[in-house]
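What follows is a set of notes on a single structure, which appears directly below.
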Amino acid sequence: MESSLQAAAGSDGTGQRVPAPRAASGPATPPGGPPQPVDPASTEALTPLLRTEIVRLVEAEASPAVTQSLLTPQRLRAICEVASEDLLALARRDPAAGGSWQYVWDSYIAYRATLAYRVAHAIHRAGDTPLGADVRLAVARRVSEAAKVRTGVEIHPAASIGRRLIIDHGLGTVIGETTEIGDDAYILQGVVLGARGIADNPSGRRHPRLGDRVEVGAFARILGAVTVGDDVLIGPGIIVTTDVPSHRRVRLLNQYQGTSGECNVRVFGVVPVCEGVVEVHGTGLAAIEVDLVTSTGQHRPVVVLERDDRRVRCAVNRPGTDERLRIIDTCGNETVLYNLQQLWRALDEFGFA
């Protein structure tokens, strides 16, 4: 086993590393037109490439003896299986890849972040090795840290992520220790799946749980031990701190607002009128319901003073720090207005308070 690992690691016999292997076949650039289904026969060369790269990632952070102990044949096969699914899914779902796994393998740094996570996670969970937990966890973290430096993506080895994970572009994306993600996730750059606090967070579950087939747009932040259901799309720039039911679309309207569902109501903004009074502006507002909702799901009623199709004037006492204004249209779809504290700061700055 040791000799085969050393051969796969890419040594030139002098102790110097050689570059990671490239795909032996396939186009150097993606083919034109829409992505084509991946031909299973074209993936025959993939497993040897994956095995070589996996061994290289671990041997860069550990001795050959430790690498041999961690990468048992069974564990190496399991990593290759899930990593190949990640690669083929990215080739299939990203139009820029043109359906070519060879092109993704040769040129997509973001895929290397996914591959490094699969390796680090397998080592992190390798409790059946004779190595002590301190060695095993340190190697897993070093693989993860090296990938962060190279790819700009940080995924904690302990995070639990399902099959066919896609991280596209990826730079600045952070996935925390207790995060759980289902199958077929698609995550773009600048995404943070993090805790609500900064320092001294509790050691238990403090990161999000995402269901199957969740898509997260660029620079979205999902914070805290919230649950996002299956088939949810989180739009770019959203800050999510409360649970999102399955089959919802959460999108940003402006810096204060997000919506979920296919709304027949459009909200353009919220304007502070005077102390305790705000106006919601948009279209289709004549029959909406308005209340305040906390991060724990509690609701506080709001008095509507005036309303028409384009404007609703509400009496809103200064909310607590975690309260948001919620608008519900006649179909039950929701628009949540974030950061209401900003409105009250605007009141203070302009002398209404």
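The values are calculated or read from the model by the stated rules, or taken from the named source; none is laboratory data. These figures come from a predicted structure and were not determined experimentally. Neighbour counts run over all protein chains shown; Cβ positions are idealised from the backbone, glycine included. For accessibility, only protein heavy atoms count, side chains too; no ligands or nucleic acids. Shrake-Rupley method; radii C 1.70, N 1.55, O 1.52, S 1.80 Å.
Of these, Ala159, Ala147, which one is in contact with a Gly (Cβ under 8 Å, 6 or more places away or on another chain), of a type in the set (A, V, I, L, M) and within 14 Å of Arg118 (Cβ to Cβ)? Answer to the check: Ala159.
Of all residues assigned to the range 172-180, none qualifies as being under 20 Å from Ser84 (Cβ atoms) and either open to solvent by 10 Å² or more (accessible area, probe 1.4 Å) or touching a Leu at 6+ places or on another chain (Cβ under 6 Å) (or both). Scanning the range 94-130 for residues that are over 22 Å from Ala45 (Cβ atoms) and charged (D, E, K, R) turns up Arg125, Asp128. Restricting attention to the range 127-161, the residues that are within 29 Å of Asp184 (Cβ to Cβ), of a type in the set (S, T, N, Q) and either open to solvent by less than 40 Å² (accessible area, probe 1.4 Å) or over 20 Å from the mean Cα position of the chain (by Cα) (or both) total 2. If you filter the range 78-106 down to residues that are in contact (Cβ under 8 Å) with a residue 24 or more places away in the chain and among the acidic types (Asp, Glu), you find that the one that is farthest from Asp184 (Cα to Cα) is Asp106. Report yes if Val271 is under 34 Å from the mean Cα position of the chain (by Cα), over 24 Å from Ala220 (Cβ atoms), modelled with pLDDT under 80 and surrounded by 13 or more Cβ atoms within 10 Å (Cβ to Cβ), otherwise no. Answer is yes for this residue. Listed conditions (1) surrounded by fewer than 15 Cβ atoms within 10 Å (Cβ to Cβ); (2) modelled with pLDDT of 75 or more; (3) more than 28 Å from the chain's Cα centre (by Cα) are all met by Asn317, apart from (2). Say whether the condition of being of a type in the set (D, E, K, R), assigned to a helix (DSSP H, G or I) and closer than 19 Å to Ile167 by Cα is met by at least one residue in the range 68-81. Checked the range 68-81: at least one residue is of a type in the set (D, E, K, R), assigned to a helix (DSSP H, G or I) and closer than 19 Å to Ile167 by Cα. Looking at Asp200, Asp184, Asp212, just one residue is out of contact with any Pro (no Cβ under 8 Å at 6 or more places or on another chain), open to solvent by 60 Å² or more (accessible area, probe 1.4 Å) and among the acidic types (Asp, Glu), and that residue is Asp200.
Can you tell me which residue among Arg196, Arg248, Arg206, Arg213 is more than 12 Å from the chain's Cα centre (by Cα) and under 17 Å from Ile161 (Cα atoms)?
Values: Arg196 fails: under 17 Å from Ile161 (Cα atoms); Arg248 fails: under 17 Å from Ile161 (Cα atoms); Arg213 fails: more than 12 Å from the chain's Cα centre (by Cα).
Only one candidate passes the filter, namely Arg206.
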